[in-house]
Amino acid sequence: MAAEAVIPLDSNGLLIAFSILVILASIYYGQKNKWKASNYFVVIIPLILFIGIVFLAPLPNLSGEEFEGYDYEIRISARIKPWTYNVTEVIDKNTSAILPPTTEIGGHPVSIAETLSAKYGGDGGEIAYRNVTLVKGYVYKLVFEAIDTDHGLHINGLTDYKGNEIDANLPQHKPVVFYIDTNLVDVGAYKFFCNFFCGAGHGLMVSYVNVVPPASS
């Protein structure tokens, strides 16, 4: 039986709720005090501009630098429906072989599909996603690509091979690359998510990178 997703109330949701309250309060106060149209503009237009900057301004893109010292490439697609962040293929750098997401590295499958029964905005349906498993001792090239629209990406606590925080914009159909050296990070589950409002279902854009020891240890 599929689990039911609970959509988190994130910072974007709080910003939208606050903005709506400000607009409603301005209308109420304006009508009570017989504001002119210009008085409404003074309040509402700056608020609209602020929201536009928060939602539309691109986040830093850490991609662009090539690094050849990796072992495997993992391609991950970002899309609201019918999945969130989804591993599509694994590439062995040494052999150039294109492998399925269920390929085992160090005794662990890179990714196994899971399904959530999701409800948001009055809409229901199944959302598929694949957590990503990285095995200690390997260096990975993670390639994220937004499919349906622009998305954001933030991975809590996980850094790239240079120690940089992973926090970036994912422009639609433009792959963004990060290199992860598992020798430099701790074993654990690292949550990642879309960090700006991307549309209905934004709250479901969540998955995990699991860093684990080899199965034999």
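What to note about this one:
- Charge context of P214, other residues only, Cβ under 11 angstrom, K/R +1, D/E -1: 0
- Taking other C-beta atoms within 10 angstrom as a stand-in for reagent exposure, K32, K174 fall in the order K32, K174, fewest first.
- Extension reserve of the A25-Q172 stretch, reckoned as 0.36 nm per residue once the Cα distance is removed: 49.3 nm
Read the figures in this text as sums done on the coordinates, not as results from a lab. Because the structure is a prediction, the values reported are computed rather than measured. Here the Cβ is made from the backbone with ideal geometry for all residues, glycine too, and neighbour counts use every protein chain on show.
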